[in-house]
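Worksheet: one structure, shown below.
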Amino acid sequence: MNRLLLTCFEPFGGERSNASASATELLPERIGNWTLVKRQLPVVFGLAGAQCLEMIRTLRPDAVLLLGQAGGRKAVTPELAARNWRWARIPDNAGRSPKGEPSVLGGEVALFATLPVETMCEAIRTGGLPAKLSCSAGYYVCNDLYYSVLFHLRGSGIRCAFLHVPDEQSMDAGQSARALELAIRAL
């Protein structure tokens, strides 16, 4: 069995739940050839990435799948790239609102998924659920986490991608969990 580190986020922006955490809770411990190790991260610039990297050092997964909530989206969106840029439209859970600073000083402008996001997207659609490939994880903590992890995993052989799930008003947790299961089976 391969080990997959699956991260989700705590609630943010005054919400009581986070769709990524709700969906993750519904997933089994094993999917296909993957044993899932599920962990929740804080919605805090820099801290989410630091905690995830420590988890990677400790757990030594074969791959990392980062999950977040994207309010207003109607489909699960595997993210093709992360940008080396922080721009908060709302404060993070520590009250920080960076406006135009890099996630990693001296890092490239963008880094790309190392897991097959197009294949995952197609698997979700084939399974009858809405999915759309997204070219960017935005500029908030999701993107900051994604960029930091991709940057630090370069050359390690550990593959990584990020998927946004819709908020629970747009897609219930059961559907999001099913979409994630389809994506993981496609790895």
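Kindly put Lys99, Lys132 in sequence by how many other C-beta atoms sit within 10 Å of each C-beta, fewest to most.
The most exposed by this proxy come first: Lys99, Lys132.
Under a crude label model (7 Å from the Cα following the beta-carbon direction), how far is Glu29 from Arg89 in nanometres?
Taking the simple label geometry, Glu29 and Arg89 are separated by 3.9 nm.
Exposure proxy check: Trp87, Trp34 ranked by fewest other beta carbons within 10 Å?
So the residues, fewest neighbours to most, are Trp87, Trp34.
Treating only the Cβ atoms of Lys and Arg (+1) and Asp and Glu (-1) as charged, compute the dipole magnitude of region 1-155 about its Cα centre; round to the nearest 20 debye. Don't skip to the answer; put the middle values down first.
On the way: 17 positive and 13 negative charges, 21 e Å.
Dipole of region 1-155, to the nearest 20 debye: 100 debye.
For Arg96 and Asp172 in one chain, what is 0.36 nm times their gap in residues minus the Cα-Cα distance, to one decimal in nm?
Details: separation 76, 0.36 × 76 = 27.36 nm, distance 2.97 nm.
Answer, rounded to one decimal: 24.4 nm.
Which length gain, in nm to one decimal place, applies between Arg3 and Thr58 when the Cα-Cα distance is subtracted from 0.36 nm times their residue separation?
Working it through step by step, the gained length comes to 18.6 nm.
By per-residue mean of other Cβ atoms within 10 Å, what is the highest-first order of 161-174, 50-63?
161-174, 50-63
Can you compute the helix-only [θ] at 222 nm over the chain? Use -39500 (n - 2.57) per DSSP H run of at least 4 residues, normalise by all residues, nearest 500 deg cm²/dmol.
Working: 5 runs with 57 residues, N = 187.
The helix-only estimate for the chain comes to -9500 deg cm²/dmol at 222 nm.
What number in nm² do you get for region 2-185 if you take the convex hull of its Cα atoms and divide its surface by four?
On the way: hull surface 37.1 nm².
Its Cα hull, projected and averaged over all orientations, spans 9.3 nm².
If you wrap a convex hull around the C-alpha atoms of region 39-107 and split its volume per residue, what is the figure in Å³? Working shown, then result.
Working: hull volume 8.7 nm³, N = 69.
In region 39-107, the Cα hull volume divided by residue count equals 126 Å³.
Could you work out the relative contact order of the chain, using alpha carbon pairs under 8 angstrom and six or more residues apart, expressed as a whole percent?
Relative contact order here is 31 percent.
Values quoted throughout were computed directly from the atomic coordinates according to the rules given, and no laboratory measurement underlies them. In this text the structure is predicted, and so the values were computed from the model without any measurement. Reconstructed Cβ throughout: ideal geometry from the backbone, glycine too, with neighbour counts over all protein chains shown.
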